[in-house]
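Everything on this sheet refers to the single structure shown next.
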Amino acid sequence: MDIVAEIGAEHLDALAEGDLRPLRRWLTARLCRPGGLAVEDLDVLAALSTWDPAQVELPRLRWAIERALAVAAPLPGAAPVLLIYFEALFAEYWEQAWDIEPALEHMRFVSERWSRLTAHGQPVDAAVAGVMLQAIELLGARMVCYDAGYAGSLATWSELAGRVAERAERMLDETAGCAQSPLLKFVTDQACSDVRYYRALSRAARAVHDHFTAGEGEVSDAVAALRAAEESQPDGIERSELRAHRYALEALAASAEKPWLRVEHGQIVYLYPFGLFEEVTGDGTWTGAPPSVHLPQELISAARREALDWNLAGCSIREHPRAGMSDDLTLSDVWKGDDPHARQYRGMTITLPDLEIRDVDRPDAEPQTFTVELRLSELGNHFLRIAGQLSRATPPQVYAAMVRVAPESGNLAQLGVPLRMVETSLSDPRWHRLSDFADRVISDLTGQLARATARQVRCSGRPGMYHVLLSVGRAALVSPSTGAVEPVRTAAELLSAFGAQPLCNPVRDGMSAVAEWLRYPVDAAWLPVVDVPSFGGDLLMSSCNTTLMMTPGIPDYMMRARAETAEFVASLDGMFAGWQGQLASYHQVVLEQLAEMTTRLDRPRAGLDPAAVSSAAHRRDVEELTGLQGRLEALQLRMHGFVMSSRTVLMFLTAPSLVTSPAIRVTIDRLLLAARFGELRGEFEDMVDKVADRAGALVEASMRRQQEWAIVAARAAREREERELRLRLAREEAAARQRAERERINRRRIDILLGVVAAIGLSGVMQLIQAGYDLRTFWALLLALAVLGIAVLVGYLLHWLHRDQQGPAADPVAGPVDGDDGATGQIASG
């Protein structure tokens, strides 16, 4: 039975809709058998669509891939299905991620392992599986093709799209000798679609490129090709992409006869702001040096001492001839304000070797060099500054230069032109993107500062925290038909020119179509123009991540101060990021302490009896809670110091003493307004209030619980003292009664003894009387009775006399004890 034939319409239709579950169930039934592939290994393979090395380690994933291929190879029809499952997982990854390098690495590993199995003769469906492997490789070629689009390189994009179409055609030719099946038909239909798609895409990219270089692009033919390819596709991702390409080309066709803008001379500056903060440990303390509210100043002092010995992005500052360090920011005198507290915008600069960036469309041309400076500010607005020149830049080239800053930009190493520093060897680092280089520099700087200061210095930023500053010195309008050049003299002429779209809009996240900038809005009434003191015809425009300056009528040295203000305002994102990172560190510790305090406070929730209050466990809880409260109070004080320092900086940023020129002060204020400075400040204040409130609530809860415990402990101590008093009085009463009883018994015995003695004495007297007077029976009896009576009388008299001396009997019951007012009963004693 042909197992491949079992892959029916229900599996492939779901696969076409992006649902991999039916295909996965099929693979589970075929591969996950005794001695086969473990279910958990098949689960690991699903990570190919969202691979994150923090969740699935690379060796584990690769072992699962190799094991799955080995199990599927000898099973009829299983290997082709497994390979198309891999292709679908890689396609899912591409839909979600812009960094295709991990997926390409996995593709190469699958191809290499399958080639090894084929060499050993294990696969039973080598021909069909080979077609499926070509489908995976075709997907990789499509990824690389679109990387050129993300880099804004139209000529390379067109060339790579043509190669994808040719590869798909070769794949179709090789399927001719394979047995037909639903799975093979599904793959060949997809390949046919790729041929139509990428042929049209190649013509579209070439048409845009030729229009702005040779002036003879076949725009109308490209639009027709895109429309035909679009209509051949079912509704889905591919059709939506072709529609977006067509819209862009139609916008170009509508303006094909208009003169287009060319930047004759200008400067482009890439800024990567970042913040630095000190991480708070779990117990609310710091390791190493004592905490400081002046962290930026201390970090800069350490950098001035040790930066020459650092290695940043693989470059030794001391050894490289193009690297160096400056003790200041090399700013114009406009920043030397007259602040009464001697505060200024100052810091230090670390200069790295120039960065070489080659044109993807002209890899053999002379590379463009960009200066690299790492600027550290005492205010905390640190940034990496990468600056280069623009010369005779067409709109597509301006767009490519603008999007180069973003992490979504194309992988230049994959396109054959990786970034590198000048005067470095082949073994020195290369980078895929400008953002990768910036991340490496900032990361290395953070580590060096942490070692130099013995602090847990951390960097706060995000991949999208960047800013592009474009200064246009000269511009011109180029006729597409004659090539005639007309200078642009005013900002109004620039804004109304066709091709000004990339200059007037922010850098987008990713890329939607060929020359998508053709559809950017350029309505002057809605553009973010900043109204600042300037000359007629000048322009200052600021968006969320770009700033455009055009000052054709003033010298370059006058532009410097305005450019510095724009860079200063753009770098404040890094300062706020650092502050938010510091507050987040405080907040995390507060949450941990909150959990610990909740455990402490909930422990005696059942109530505290006197025995519990006096126990060693309770005393230990009190000591731990007291220590926790002390740490929280120290944390709160340090946080208040940090907040006060930050608010002082915020006040200085809006103070007139920041700069010497009132006009520059107005420019800064307007740029701050455009950069939503007020909103950022409000978010910071809100975060401060939330973290401070939580810390204060913890301290108050600790103090309140300790007061409750103190009241309970005092009451328990009072009750304990009262019980001890009762016990002591009761013991004294019992002892007194015992003594009284013993005395009574002793006295009784003495009384009896005295009566006996008296009787004996009287008896002797009576005997003498009887003998002397010769008394007989009657009188003898009378004498005896008299003796007995006298003895009884004497005993009674003695008993009566002793009773009078003893006094009234003691009250055997002690008075009650009032626990509320502290009064105790009294015991009467004789």
For this session: Using the Karplus curve 6.51 cos²θ - 1.76 cosθ + 1.60 with θ = phi - 60°, work out ³J(HN,Hα) for each residue of region 450-462 in order, rounded to whole Hz, and write x for Gly and Pro.
Result: 5, 5, 6, 9, 6, 10, 8, 6, 10, 9, 10, x, 8
Exercise. Across region 394-411, in residue order, what do the Karplus-derived ³J(HN,Hα) couplings come to in whole Hz, using 6.51 cos²θ - 1.76 cosθ + 1.60 with θ = phi - 60° and x for Gly and Pro?
Worked result: 6, x, x, 6, 4, 4, 4, 5, 5, 6, 4, 6, 7, x, 7, 4, x, 6
Exercise. Could you sort Ser443, Ser332, Ser301 by accessible area so the largest value comes first, with the probe set to 1.4 Å?
Worked result: Ser443, Ser301, Ser332
Exercise. Using the beta-carbon distance between Ala46 and Ala224 and R0 = 41 Å, what value does 1/(1 + (r/R0)^6) give for FRET efficiency, to the nearest 0.05?
Worked result: 0.50
Seminar exercise, completed: Quick note, region 36-152: a/c under 1.5 would make it rounded; otherwise a/b > b/c is prolate and the rest oblate (a ≥ b ≥ c, C-alpha gyration tensor); here it is oblate
Seminar exercise, completed: Taking the alpha-carbon centre of each part, the distance from region 541-600 to region 637-652 in Å is 16
Exercise. In terms of the ratio Rg/(2.2 N^0.38 Å) built on C-alpha atoms, what value belongs to region 127-192?
Worked result: 1.22
Seminar exercise, completed: For 670-680, 169-179, ranked highest to lowest by mean beta-carbon neighbours within 10 Å, the order is 670-680, 169-179
Exercise. Does anything in region 13-33 have its amide N under 17 Å from the 7 Å Cα→Cβ label point of Lys185, and if so which residues?
Worked result: 13-17
Exercise. Whose amide H sits under 5 Å from the amide H of Thr654, counting only residues 5 or more places off or on another chain, with H placed in the peptide plane?
Worked result: none
Seminar exercise, completed: Residues other than Val659 with Cβ under 11 Å of its Cβ, Lys/Arg counted +1 and Asp/Glu -1, net out at -3
Problem set entry | Net charge of neighbours whose Cβ lies under 12 Å from the Cβ of Asp359, counting Lys and Arg as +1 and Asp and Glu as -1 | -1
Exercise. With every protein chain left in place, what is the accessible area of His120 in Å² (1.4 Å probe, nearest 10)?
Worked result: 130
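What number comes out for the charge environment of Arg749, summing +1 per Lys or Arg and -1 per Asp or Glu over other residues with Cβ under 14 Å away?
That works out to +1.
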Seminar exercise, completed: By the Kirkwood definition, with r running over pairs of different Cα atoms, region 426-577 has a hydrodynamic radius in Å of 18.4
Problem set entry | Spin-label pair Met687/Ala655, simplified geometry with 7 Å Cα→Cβ offset, distance in nm | 2.4
Problem set entry | Amide H partners (placed H, <5 Å) of Gly473, local residues excluded | His265, Gly266, Gln267
Problem set entry | Karplus 3J(HN,Hα) series, Hz, for region 307-316 with 6.51 cos²θ - 1.76 cosθ + 1.60 (x for Gly, Pro) | 4, 5, 9, 8, 10, 10, 6, x, 10, 7
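Show me 656-665, 422-431 ranked by packing, highest mean number of other Cβ atoms within 10 Å first.
Ranking, from highest mean packing down: 656-665, 422-431.
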For this session: Estimate the FRET efficiency between Val485 and His341 by the formula 1/(1 + (r/R0)^6), using the beta-carbon distance for r and 45 Å for R0, to the nearest 0.05.
Result: 0.25
For this session: Compare the peptides 366-378, 307-319 by average per-residue count of other Cβ atoms within 10 angstrom and give them in order, highest first.
Result: 366-378, 307-319
Seminar exercise, completed: Classified through the alpha carbon gyration tensor (a ≥ b ≥ c as square roots of its eigenvalues; rounded if a/c is under 1.5, else prolate when a/b is larger than b/c, else oblate), region 338-497 comes out oblate
Seminar exercise, completed: Expressed in angstrom and ordered largest first, the alpha-carbon extents of region 381-453 along the principal axes are 48, 33, 24
Problem set entry | Viscosity 0.692 mPa s, temperature 37 °C, Stokes-Einstein D of region 1-86 from Kirkwood C-alpha radius, µm²/s | 246
Exercise. In 10 Å bins starting at 0, how do the alpha-carbon pair distances of region 169-314 split up by percent?
Worked result: 9, 20, 16, 12, 12, 19, 12, 1
For this session: Sort region 308-399 into rounded, prolate or oblate with this rule: let a ≥ b ≥ c be the square roots of the eigenvalues of the Cα gyration tensor; rounded if a/c is under 1.5, and if a/c is not under 1.5, prolate when a/b is larger than b/c, oblate otherwise.
Result: oblate
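Percent relative contact order of region 1-86, based on C-alpha pairs within less than 8 angstrom and at least six residues apart?
This gives 38 percent for region 1-86.
The values are calculated or read from the model by the stated rules, or taken from the named source; none is laboratory data. The model shown is predicted, which means the values in this text are computed figures rather than measured ones. Heads up, the Cβs are rebuilt from the backbone with ideal geometry, glycines too, and the neighbour counts pull from every protein chain shown. Heads up: the accessible areas ignore ligands, DNA and RNA and are worked out on the full protein's heavy atoms, side chains in. Shrake-Rupley method; radii C 1.70, N 1.55, O 1.52, S 1.80 Å.
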